[in-house]
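One structure is given here, and the rest of the page talks about it.
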Amino acid sequence: MLLAIDVGNTNTVLGFLRGTDVLGSWRVATDRMQTPDELGFRVKNICDMACGGLEEISGVMICSVVPPLTSAYVRMSRDLLKLPPVVLRSDTELDITIDYYDPTEVGADRLANAVAVHELIGGAVIVVDFGTATTFDVITADGHYRGGAIAPGIQTSSENLFRRAALLHGVEMEIPDTVIGRSTSESLRAGILFGAVGQVDEIVTRTIVEWGEEPTVVATGGLAETIAPLSKTITRVEPYLTLMGLAIIHRRVTEK
């Protein structure tokens with residue numbers, strides 16, 4: 001069984017996979033100050049609950065945009081699991097071509113998504129990933145990662161608003177029944193979520209016009225299942241896309 005670790009700026013997702021089948025996943029807060037021992041304690045507890053214990057883990061794949069935690073998870077894997085992890089980097093052999101001017105600038109999670117859609121979906125694809133940032137990535141039918149757009153994430157921009165406006169407060173990210181809110185909470189939900197839908201559809205529409213293709217538009221990430229039903233452009237939701245991409249990359253690297 002593969003332990004796939006996707007370290008994001010806000011949350012870290014730990015997934016357990018056989019092939020590309022996700023048997024379970026846990027989303028935990030990312031803490032940049034955690035030591036390898038603290039991470040090991042967390043991983044052990046989750047493994048005990050999820051898959052019967054650490055001995056079931058036969059491989060570890062790490063995807064991280066937080067460098068201090070990359071090294072901490074590597075040490076945890078070696079010390080606790082006695083497994084040398086595979087770490088996804090821009091120079092990892094991915095069987096896709098990165099068209100960024102500087103490939104090292106592409107986030108590892110975006111590369112994992114690109115690998116997943118190229119193998120599992122095929123054709124021209126736009127991936128919309130709702131994370132700390134909302135990213136839009138273009139993958140061609142012949143396996144080129146063309147680039148895309150990066151916007152502030154829904155939670156990220158909302159929390160900044162709540163911090164700066166004394167009379168506004170956090171709200172649950174649930175789609176309201178009306179865009180005309182009759183309370184502060186309703187008004188915030190309408191503005192945040194319908195605004196996010198408009199942002200997604202505008203960027204995707206402009207991308208399609210500029211690209212000249214008719215792609216599959218795949219949503220993933222924390223709020224994908226909330227936003228997708230309201231979007232005119234999203235055609236598919238894959239909540240575990242990054243984990244599946246990590247499983248594919250781990251298989252390719254270990255086979256080689």
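Only the coordinates and a few stated rules stand behind these numbers; no lab work does. Keep in mind the model is a prediction, meaning the values are calculated, not measured. A quick note on method: Cβ atoms are made from the backbone with ideal geometry, for glycine too, and the neighbour counts reach across all protein chains shown.
Which is the longest stretch in the chain that no exposed loop site breaks, taking sites as GluC sites (Glu not before Pro) with a DSSP loop state and at most 11 other Cβ atoms within 10 Å?
1-92
Rounded to the nearest Å, what's the spacing between the alpha carbon centres of the range 41-78 and the range 97-132? Just the number, please.
23 Å
With 5 Å bins from zero, work out the P(r) of the range 43-104 over every alpha carbon pair and list the percent per bin.
Reading the bins upward from 0: 4, 16, 21, 20, 16, 10, 7, 4, 1.
Counting other Cβ atoms within 10 Å of each Cβ, which trypsin sites (Lys or Arg not before Pro) in the range 64-135 have at most 12 and sit in a DSSP loop?
Passing both the DSSP loop test and the Cβ count: 82.
So what is the orientation-averaged projected area of the range 13-138, using the convex hull of its C-alpha atoms, in nm²?
Across all orientations, the range 13-138 yields a mean hull projection of 8.2 nm².
Taking the 0 to 90 degree range and rounding to the nearest ten, how far is the long axis of helix 154-164 tilted relative to the main principal axis of the chain, both from C-alpha atoms?
Value to nearest ten degrees: 70.
Taking every pair of Cα atoms in the range 2-87, average 1/r, invert it to obtain the Kirkwood radius, and report Rg/Rh to two decimals.
A ratio of 0.91.
What FRET efficiency comes out for residue 255 versus residue 141 if R0 is 22 angstrom and r is the Cβ-Cβ distance? Round to the nearest 0.05.
Once rounded, the FRET efficiency stands at 0.35.
List the trypsin sites (Lys or Arg not before Pro) in the range 1-40 that DSSP assigns to loop (not H, G, I, E or B) and whose Cβ has at most 12 other Cβ atoms within 10 Å. Which are they?
Here the sparse-neighbourhood loop sites are 32.
Taking every DSSP beta bridge that has both residues in the range 27-161, what percent is antiparallel when rounded to the nearest 5?
75 percent
With Rg and the Kirkwood Rh both taken from Cα atoms, where does Rg over Rh land for the range 97-245?
1.01
If you place +1 on the Cβ of every Lys and Arg, -1 on the Cβ of every Asp and Glu, and leave all else neutral, what size is the dipole of the chain about its Cα centre, to the nearest 20 Debye?
520 debye
Which percent, to the nearest 5, of DSSP beta bridges fully inside the chain are antiparallel?
60 percent
Using a 10 angstrom cutoff on alpha carbons, build the Gaussian network for the chain and name the most mobile of 102, 142, 129.
Maximum fluctuation in the GNM of the chain, among the listed residues, is at 102.
Between exposed chymotrypsin sites (Phe, Trp or Tyr not before Pro) in the chain, where DSSP calls loop and at most 15 other Cβ atoms lie within 10 Å, what's the longest gap?
Of all site-free stretches, the longest is 102-256.
Cα atoms only, the chain: Rg and Dmax in Å?
That works out to 18.9, 59 Å for Rg and Dmax.
Given Cβ point charges of +1 (Lys, Arg) and -1 (Asp, Glu) and nothing else, what value in debye, to the nearest 20, does the dipole of the range 97-245 about its Cα centre take?
Using Cβ point charges on Lys, Arg, Asp and Glu, the range 97-245 gives about 480 debye.
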